[in-house]
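Trainee: Please see the structure below; I have some questions.
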């Protein structure tokens, strides 16, 4: 199993913990740190998609499922946590793009 896959699995686990147990101290910091690591493993071909997903989740897509009875609030919590992770990954991608442009 590659390091990229392991980091993504850890990211998913941390996001689920953050969604269902948001009162854990520093869980937001954990999501951000794992998001930074996930961003390191995003390929150059997928960076545009990463930015699109980050923008979509930041603009309210996560809240769109809130109206579903019984599970809407859980889906919203999960997607909001995924949005936090993807936003941190996008920060890493921006830094990597800047570094690549400066060193070419």
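Trainee: Output yes when any residue across the stretch 75-97 is out of contact with any strand residue (DSSP E or B) (no Cβ under 7 Å at 6 or more places or on another chain), free of Cβ contacts under 8 Å to residues at least 40 places away in the same chain and not in a helix (DSSP H, G or I), and no when none is.
Mentor: no
Trainee: Restricting to the stretch 67-94, name every residue that is modelled with pLDDT of 95 or more and surrounded by fewer than 18 Cβ atoms within 10 Å (Cβ to Cβ).
Mentor: Across the stretch 67-94, the qualifying residues are 91, 94.
Trainee: Inspect the stretch 31-40 for any residue being in contact with a helix residue (DSSP H, G or I) (Cβ under 6 Å, 6 or more places away or on another chain) and not in a helix (DSSP H, G or I) and give the result as yes or no.
Mentor: At the first step, the residues of the stretch 31-40 found to be in contact with a helix residue (DSSP H, G or I) (Cβ under 6 Å, 6 or more places away or on another chain) are 31-32, 34-40.
With not in a helix (DSSP H, G or I) added as a condition, the list becomes none.
Checked against the condition, which is being in contact with a helix residue (DSSP H, G or I) (Cβ under 6 Å, 6 or more places away or on another chain) and not in a helix (DSSP H, G or I), the stretch 31-40 yields no hits at all.
Trainee: Please identify the pairs in which a residue from the stretch 1-19 that is closer than 20 Å to residue 74 by Cβ has its Cβ atom under 8 Å from the Cβ atom of a residue that is surrounded by fewer than 16 Cβ atoms within 10 Å (Cβ to Cβ) and at pLDDT below 95, counting only partners at least 6 apart or on another chain.
Mentor: Filtered contacts from the stretch 1-19: 17/24; 18/24; 18/28; 19/74.
Trainee: What about residue 10, is it at pLDDT 95 or above, touching a helix residue (DSSP H, G or I) at 6+ places or on another chain (Cβ under 8 Å) and at negative phi?
Mentor: Working: at pLDDT 95 or above: yes; touching a helix residue (DSSP H, G or I) at 6+ places or on another chain (Cβ under 8 Å): yes; at negative phi: yes.
Yes, satisfied.
Trainee: Just wondering, is there one or more residues in the stretch 40-48 that are surrounded by 11 or more Cβ atoms within 10 Å (Cβ to Cβ) and either in contact with a strand residue (DSSP E or B) (Cβ under 6 Å, 6 or more places away or on another chain) or within 26 Å of residue 71 (Cα to Cα) (or both)?
Mentor: No, because not a single residue in the stretch 40-48 is surrounded by 11 or more Cβ atoms within 10 Å (Cβ to Cβ) and either in contact with a strand residue (DSSP E or B) (Cβ under 6 Å, 6 or more places away or on another chain) or within 26 Å of residue 71 (Cα to Cα) (or both).
Trainee: If I ask for residues that are without any contact (Cβ under 8 Å) to a residue 24 or more places away in the chain and part of a helix (DSSP H, G or I), which ones from the stretch 20-30 would you list? If you could, list the steps in order and put the result at the bottom.
Mentor: Kept after step one, since they are without any contact (Cβ under 8 Å) to a residue 24 or more places away in the chain, are these residues of the stretch 20-30: 21, 23-27, 29-30.
Matches in the stretch 20-30: 27, 29, 30.
The values are calculated or read from the model by the stated rules, or taken from the named source; none is laboratory data. Just so we're clear, the structure is a prediction, and the values are computed from it rather than from any experiment. Heads up, the Cβs are rebuilt from the backbone with ideal geometry, glycines too, and the neighbour counts pull from every protein chain shown.
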